[in-house]
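The values are calculated or read from the model by the stated rules, or taken from the named source; none is laboratory data. The structure presented is a predicted model; accordingly, all values stated were derived computationally and were not measured. Cβ placement follows ideal geometry from the backbone for every residue including glycine, while neighbour counts extend to all protein chains displayed.
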Amino acid sequence: MSDTVHALMLRELKTRFGASKLGYFWAIAEPAAQASIMAILFSLIGRESISGVPIALFLICALLPFKFFAKLLPQLTASVKANKGLLSYRQVAPIDPFITRFIIEFTTFIVVYILILLVMAWLGFDVWPQDLLALLSVSVLLALLATGLGLMLCAATLYWDDVPKLLGMVMTPMFFISGIFFCATMIPQQYWYLFTWNPIFHALEISRDAMFVTYQTPVGSWGYLGFLALFSNAIGLMLYQVNRQRFVSS
């Protein structure tokens, strides 16, 4: 299995990044450019900091995890279908391309996160998290949540080809309601219930809590995020096992 995943990983990397000389560069440049543009816009309207945190760092801390989740979930959803031709080989199991894409996206996220923080540290920002273990833990929970949902949606594509299109429609509004541009303390308490159903909102709140000494989330719940990650993986693995033969034969 490790040999198969390694071979699939080389194939994925060559397909995704090898087609362009700047393939790896865009993985770093895209989130950095988005955060920079947003920081400039906020500065133009007079907001240079939120909860005592520089606006650029405030945005990066939420934008990177969201971009990771929003990219990982569609990649996992389409992983088996995109490698359908390889499943005719006995050595390739349906879960192998799924694992391959997870490893690539998670590793890319960690590397990009570190590189962007190093650049911001060079620019004079204080980027060292106040609780590194909590920041790593919430990133792992967010990845596990995407894994569980990805398994569920991957099975759903067997029965409905338009699942990726529906996912794209859902993720577009999620960009605006998951707390990238705002935090819970900026929302009146009576309206918190409109956002706390969203596990990504909890993940971004906990990320900022772990990153900044000056910010303490009033709503971010480890229990809620952890339960949804565990539940989604349980359902996803069950659906994978039930549809294992259908992945190959359909």
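Taking segment 158-171 as the range and being more than 21 Å from Leu225 (Cα to Cα) and either modelled with pLDDT of 90 or more or out of contact with any Lys or Arg (no Cβ under 7 Å at 6 or more places or on another chain) (or both) as the test, the residues that pass are Tyr159, Trp160, Asp161, Asp162, Val163, Pro164, Lys165, Leu166, Gly168, Met169. If the condition is being outside any helix (DSSP H, G or I) and either crowded, with 20+ Cβ neighbours inside 10 Å or charged (D, E, K, R) (or both), then segment 158-167 contributes Asp161, Asp162. Look at (1) without any contact (Cβ under 8 Å) to a residue 12 or more places away in the chain; (2) not in a helix (DSSP H, G or I) and you find that Pro129 fails only one, number (1). For first residues located in segment 99-121 and under 22 Å from Leu145 (Cβ atoms), partners that are not in a helix (DSSP H, G or I) and not basic (Lys, Arg) and lie 6+ apart or on another chain with Cβ distances below 9 Å form the pairs Ile99/Met1; Thr100/Asn83; Arg101/Ala78. Scanning segment 96-115 for residues that are among the hydrophobic types (A, V, I, L, M, F, W, C) and surrounded by fewer than 19 Cβ atoms within 10 Å (Cβ to Cβ) yields Ile103, Ile104, Phe106, Ile110, Val111, Ile114, Leu115.
In summary, Ala32 fulfils each of the numbered conditions (1) at pLDDT 70 or above; (2) surrounded by 18 or more Cβ atoms within 10 Å (Cβ to Cβ) with the single exception of condition (1). Taking the options Phe247, Phe212, Phe201, name whichever one is in contact with a strand residue (DSSP E or B) (Cβ under 6 Å, 6 or more places away or on another chain) and crowded, with 18+ Cβ neighbours inside 10 Å. Every option except Phe212 fails the conditions.
Counting residues in segment 183-196 that are at pLDDT 85 or above, of a type in the set (Phe, Trp, Tyr), within 17 Å of Ser221 (Cα to Cα) and out of contact with any helix residue (DSSP H, G or I) (no Cβ under 7 Å at 6 or more places or on another chain) gives one or more.
Number of residues in segment 138-155 that are in contact (Cβ under 8 Å) with a residue 40 or more places away in the chain and surrounded by fewer than 17 Cβ atoms within 10 Å (Cβ to Cβ): the value is 0. Out of Val170, Val138, which single residue is in a helix (DSSP H, G or I) and touching a Pro at 6+ places or on another chain (Cβ under 9 Å)? Just one listed residue meets the conditions, Val138.
A quick yes/no check of all residues on (1) touching a residue at least 12 places away in the same chain (Cβ under 8 Å); (2) part of a helix (DSSP H, G or I); (3) not acidic (Asp, Glu):
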residue: Phe176; (1), (2), (3): no, yes, yes
residue: Phe181; (1), (2), (3): yes, no, yes
residue: Tyr191; (1), (2), (3): no, yes, yes
residue: Glu205; (1), (2), (3): yes, yes, no
residue: Asp209; (1), (2), (3): yes, yes, no
residue: Gln216; (1), (2), (3): no, no, yes
residue: Val219; (1), (2), (3): yes, no, yes
residue: Ala229; (1), (2), (3): yes, yes, yes
residue: Gly236; (1), (2), (3): yes, yes, yes
